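Here's the structure we're looking at; comments come further down.
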Amino acid sequence: MKWFKFAVLNTLRNRRRSATTLLIAALGTAAILLAAGFAEYTYQGLAESAARDAGHLVVARSDYFQHEEDTPLQYGIDNYPALRSRLLADPDVRYLLPRIQFSGLVSNGDKSVIMMATGIDPDSEFLIKGPFLNMKEGSLLSSAKSDTPQILVGEALAKTLKVHPGSGLTLLASTTDGALNALDVQVRGTFSTGVPEYDKRALYTDLETAQRMLVTQKISQLGVYLSDMKLADDDRARIEATAGKGFTTQTWRDQAFFYKSVRELYNRIFGALGGIIAIIVLFVIANAMSMSIIERTREIGTLRALGTLPQQLTRIFAMEGAVLGGAGALVGAVLALIVSVILLYAGIQMPPPPGRSVGYPLSVSINPLIYALVVLGVVVLATLCATLVSRRSARKPIVEALNHV
Amino acid sequence: MSEHTPVISLQGMSKAYNMGEGRVQALSDASLALPPGEMLALTGPSGSGKSTLLNIAGLIDTPDTGRYLLDGEDVSQLDETCRTLLRRNAIGFIFQGFNLVPVMSVADNIDYPLFLAGINAGERKRRVAEMLEKVGLREQAQRRPDALSGGQRQRVAVARALVKWPRLVIADEPTANLDSHTADQVITLIRELCHAEGAACLVATHDDRLSTRCDRVLAMRDGYILPDAPFTHLAAPAVAA
């Protein structure tokens, strides 16, 4: 305790220098925490979005994930009701969303455009996933029967085909037998997913229409929604076993290519940024400690003459580094917390990222574990830095230190 | 160790320093013995080797040749850690420039050697209070050194040197920065406390007022202790009871 008190008093010798050092450590810590919080928020958002789109787990025939299909639904699930009953018996399973993926052409009579269609269970899909589509015109699909099958069309696709809610279109696609099939449909609404390139091809219809189009009772895959997203990894093997032989289960992470690539990119960018900030903070602390040590060379000689061991002196300087780094890190953490809370309520929008048409809120996660690790990291690095800087001075010959001018 | 064993016995000490391309002989074949309670003054011009001899006696420098017995034990070959621990327990230092730790209070400065020695808090508190009383600084215990006069600071340094009941006190020009009245007070204090504690005291000084108050005076020149130097017993060495 006496050593610590001595270290604290030493940091107060040159208050202006200590304050400057502390401020830089605080700003560095705050910058690292805000960058980490922003990355964390982005990861969370992307993870939730990915899990919401695909399902916490995705069940399909094993070949579905491994091979390209020669004909539509070649590797589809053919006894969906039985599979559904088995999976819903699992205590962690809350909802199941069947989907049919198919492609073909969509035509307005004058022009035909490639489409990437998804057959969904409309009531469940929109109930469970919430407003995942940004409706531009018209209304969402529903399971209510209508004379003409209904579809939702991507905003850019609607523009290409010059259609609006109520317009008629024709879908053309290969059946599961490889024959060509056509179906007249009516546009119920247009939507934007936020990815313009996807909106040029995207189309949603109900499961029944998709099965009619492909002349089959199969579905492509089944999205499984658990009571908690975090259960996905733990429950995966059990769900796969419950699905039965010939089925494979993937987690949302396996399906989230965008999430993985963004995470990898951000980890590198923010990792490098954090490293640079940490180096700057360390240089500032090292510089402050060096100046302080040089100024106290005679005192070091005196303390050594009085019987202080070099390692005890090094310990004092290490504590000084820890005090400066720790105080700076704590101030930085408070600063980052304040900024994060302000951002939470400020509602600042970031511009759309490349390849997207909608921005996203600028928000920063407040993760106690990250705060603790960053503060601890700054303290440890500052301590190591002060230790390295002081080692030589603590071992300087006493007579030389006492005669230092 | 008998009652008559010298606290320190330096035999044939020599020390040379590299200075540029040359080598300067700072100390040549110096020998002396200092019994308990004796106050010995080393006098001589600057560069005569006083400080070098003091540094070697205080175990903060090592001789090139010679043998050093501290309380009868040969300490010439000790490694740095052992020398540090020996300084911590057996040697007190009084510096010309006081060399107090500015961020510590008067009481903490005096307490520091006891803390280093691992003495428990209660005993330290008692001994610091006792020493503050002896040096007349009880009222200034919580002040910082920069709030004290030069004489008061040197009294703190004396208290710091003697609080651990050392066997040897090394004082390098302890009155050089003090006016004559204050210097006289400090000399009296060092002498009384050393005698009272039975500590041998080795003083380097230019100050005749100080040297004439010592039990013995040795003159030095060019690294040698002069054979025809005034060798005066001004007072009988007071051996601690």
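The values are calculated or read from the model by the stated rules, or taken from the named source; none is laboratory data. Keep in mind that this is a model prediction, so the values were computed, not measured. Cβ sites come from the backbone with ideal geometry, for glycine too, and all protein chains shown count toward neighbours. We work out accessible area using only protein heavy atoms, side chains counted, and drop any ligands, DNA or RNA first. Shrake-Rupley method; radii C 1.70, N 1.55, O 1.52, S 1.80 Å.
Criterion first (more than 14 Å from every other protein chain (Cβ to nearest Cβ), at pLDDT below 90 and open to solvent by 20 Å² or more (accessible area, probe 1.4 Å)) does residue A:368 satisfy it?
no
For segment A:42-75, which residues satisfy the criterion of being more than 24 Å from residue A:87 (Cβ to Cβ) and either assigned by TED's automatic domain parsing to the domain that holds residue A:194 or surrounded by fewer than 21 Cβ atoms within 10 Å (Cβ to Cβ) (or both)?
A:43, A:44, A:45, A:46, A:68, A:70, A:71, listed by residue number.
Of everything in segment B:101-136, what is at negative phi, more than 13 Å from every other protein chain (Cβ to nearest Cβ) and open to solvent by 40 Å² or more (accessible area, probe 1.4 Å)? Give them in sequence order.
Of everything in segment B:101-136, those that are at negative phi, more than 13 Å from every other protein chain (Cβ to nearest Cβ) and open to solvent by 40 Å² or more (accessible area, probe 1.4 Å) turn out to be B:122, B:123, B:126, B:129, B:130, B:133, B:134.
I'd like to know if segment A:254-277 contains one or more residues that are touching a helix residue (DSSP H, G or I) at 6+ places or on another chain (Cβ under 8 Å), part of a helix (DSSP H, G or I), modelled with pLDDT of 90 or more and aliphatic (A, V, I, L, M).
Yes, segment A:254-277 contains at least one residue that is touching a helix residue (DSSP H, G or I) at 6+ places or on another chain (Cβ under 8 Å), part of a helix (DSSP H, G or I), modelled with pLDDT of 90 or more and aliphatic (A, V, I, L, M).
What are the residue pairs meeting all of these: first residue in segment B:180-200, first residue under 21 Å from residue B:37 (Cβ atoms), second residue β-branched (Val, Ile, Thr), Cβ atoms under 6 Å, and 6 or more apart or on different chains?
B:186/B:175; B:189/B:158; B:190/B:158; B:194/B:169; B:199/B:169; B:200/B:7
When the residues of segment A:1-24 are narrowed to those that are within 11 Å of chain B (Cβ to nearest Cβ) and without any contact (Cβ under 8 Å) to a residue 40 or more places away in the chain, which ends up most open to solvent (accessible area, probe 1.4 Å)?
Selected residue: A:1.
Which is open to solvent by less than 60 Å² (accessible area, probe 1.4 Å) and either in contact with a helix residue (DSSP H, G or I) (Cβ under 7 Å, 6 or more places away or on another chain) or modelled with pLDDT of 95 or more (or both), of A:334, A:339? Explain how you work it out, then say what you get.
Working: A:334 fails: open to solvent by less than 60 Å² (accessible area, probe 1.4 Å).
The match here is A:339.
Within segment B:135-170, work out how many residues are under 26 Å from residue B:59 (Cβ atoms), among the basic types (Lys, Arg) and part of a helix (DSSP H, G or I). Full working, then the answer.
Quick first cut of segment B:135-170, residues under 26 Å from residue B:59 (Cβ atoms) only: B:135, B:145, B:153-170.
With the extra rule that they be among the basic types (Lys, Arg), the set shrinks to B:153, B:155, B:160, B:164, B:167.
Filter once more, keeping what is part of a helix (DSSP H, G or I): B:153, B:155, B:160.
Matching residues across segment B:135-170 total 3.
Give me the residue from segment A:279-321 that is open to solvent by less than 30 Å² (accessible area, probe 1.4 Å) and small (Gly, Ala, Ser) and, out of that set, nearest to the other protein chains (Cβ to nearest Cβ).
A:307
Quick check on segment B:87-100: of everything there that is in a helix (DSSP H, G or I) and within 8 Å of chain A (Cβ to nearest Cβ), which residue is least open to solvent (accessible area, probe 1.4 Å)?
First pass over segment B:87-100, keeping only residues in a helix (DSSP H, G or I): B:87-90.
Applying the additional criterion that residues be within 8 Å of chain A (Cβ to nearest Cβ) yields B:87-89.
Details: B:87: 0, B:88: 26, B:89: 89 Å².
My answer is B:87.
Answer yes if at least one residue in segment A:117-129 is assigned to a loop (DSSP other than H, G, I, E, B) and closer than 25 Å to residue A:215 by Cα, and no otherwise.
Checking segment A:117-129: at least one residue is assigned to a loop (DSSP other than H, G, I, E, B) and closer than 25 Å to residue A:215 by Cα.
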